[in-house]
Amino acid sequence: MDNHNEKINKYKQRAINQWTKNPIGAESTKYPEGSLEFFDEIAKNRYQIYAPWMKNTFKFEQYKDKKVLEVGVGVGTDHLELAKAGAILTGIDITPKSIELTKKNLELHGYHSDLLVADAENLPFEDEIFEVVYSFGVLHHIPDTQKAIDEIYRVLKPQGKAIITLYNKNSLSFWLFVFLYDFILKGKFMKMSLNDRISAIEKGGDETKPLVKLFTKKQARELFHKFRKVTIITRHAGLPTSGRFLSKILNWKIVKTFFEFLAQWFGWYLIIEAEK
């Protein structure tokens, strides 16, 4: 049991190291960390370049006056959108720096949220107090994803809604670009394990080796078995940006459009909407 707990704590420390050294989206801006321009450029890249489908998919405005918990706030990019929409916000993150940056982001834009350092596997809230729990790209970094989802179920009110995004194992991004092209054809399999290669998906992953898990739709449905209604869609082509020759081809408009079309079925993100 002690060895198990030690392993779990090691995974969690890797996550803290990862997002302390490499705040989510920080690679897309050259502005000083914590400045207004820093946050605004990260948001611009997220919603206009990296994932232009996000706002239309999540429709943050629908959460006006809803009591919303975000699990894993990052630098507060989505949290700010929820604040702008008029949600009554609470946010947690296991990484203290993430809470610090999110608080700064909201303050610079004139908004407020109840923010605290907390573990998604052990949410520090009473039962049935939130109408919505939102979490984008976080729970696949958690050792016990099932426990985190059970915690989300616990804190949701009856008829409450969970909006959760996980990495999709059965995606073109993983099988075509990560596994076949990079791991096999480029010979990475001779230098590292597949788990280490998957870990390197995250910026800075070669150094910090964060835990990264991939899920099929079937596995995702099993995770949400307590919920009365679950819908899953996929989004995001997840085209690689490194590799001069490959990235040049993938940026051709016709190629990019084709992969974005396929992302409706084989996208990098599983977007799960689950009703309690």
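Name every residue in the range 15-38 that is crowded, with 18+ Cβ neighbours inside 10 Å and within 17 Å of the chain's Cα centre (by Cα), in order of residue number.
15, 16, 18, 19, 23, 24, 25, 26
Looking at 261, 245, just one residue is of a type in the set (Phe, Trp, Tyr) and modelled with pLDDT of 90 or more, and that residue is 261.
Scanning the range 96-122 for residues that are buried (at least 22 other Cβ atoms within 10 Å of the Cβ) and in a loop (DSSP other than H, G, I, E, B) yields 113, 120.
Does residue 170 satisfy the criteria of being open to solvent by 30 Å² or more (accessible area, probe 1.4 Å) and modelled with pLDDT of 90 or more? Yes: the conditions hold for residue 170.
Restricting the search to the range 228-242, which residues are open to solvent by less than 100 Å² (accessible area, probe 1.4 Å) and modelled with pLDDT under 90?
238, 239, 240, 242
The residues of the range 55-81 that are without any contact (Cβ under 8 Å) to a residue 40 or more places away in the chain, outside any loop (DSSP other than H, G, I, E, B) and either surrounded by fewer than 22 Cβ atoms within 10 Å (Cβ to Cβ) or more than 13 Å from the chain's Cα centre (by Cα) (or both), listed by number, are 55, 56, 60, 61, 62, 81. Residue 9 meets all of the listed conditions (1) in contact with a helix residue (DSSP H, G or I) (Cβ under 9 Å, 6 or more places away or on another chain); (2) open to solvent by 90 Å² or more (accessible area, probe 1.4 Å); (3) closer than 22 Å to residue 140 by Cα; (4) not hydrophobic (A, V, I, L, M, F, W, C) but one, namely (1).
Mind checking whether some residue in the range 44-57 is aliphatic (A, V, I, L, M), touching a Leu at 6+ places or on another chain (Cβ under 6 Å) and closer than 29 Å to residue 146 by Cα? No, that holds for no residue. The number of residues in the range 82-95 that are surrounded by fewer than 21 Cβ atoms within 10 Å (Cβ to Cβ) and in contact with a Lys or Arg (Cβ under 8 Å, 6 or more places away or on another chain) comes to 3.
As a summary of the residue check, residue 225 satisfies the conditions (1) modelled with pLDDT of 90 or more; (2) in a helix (DSSP H, G or I); (3) exposed (fewer than 13 other Cβ atoms within 10 Å of the Cβ) except for the one numbered (2). Scanning the range 175-197 finds no residues that are part of a loop (DSSP other than H, G, I, E, B) and either within 25 Å of residue 51 (Cβ to Cβ) or β-branched (Val, Ile, Thr) (or both). If you go through the range 21-46 and keep only what is of a type outside the set (S, T, N, Q), in contact with a Ser or Thr (Cβ under 8 Å, 6 or more places away or on another chain) and without any contact (Cβ under 8 Å) to a residue 40 or more places away in the chain, you end up with 37, 38, 41, 42, 43, 46.
The values are calculated or read from the model by the stated rules, or taken from the named source; none is laboratory data. Because the structure is predicted, anything quoted here is derived from the model rather than measured. Every residue, glycine as well, gets a Cβ built from its backbone with ideal geometry; the counts of neighbours run over all protein chains shown. With ligands, DNA and RNA removed, areas are computed over all heavy atoms of the protein, side chains included. Shrake-Rupley method; radii C 1.70, N 1.55, O 1.52, S 1.80 Å.
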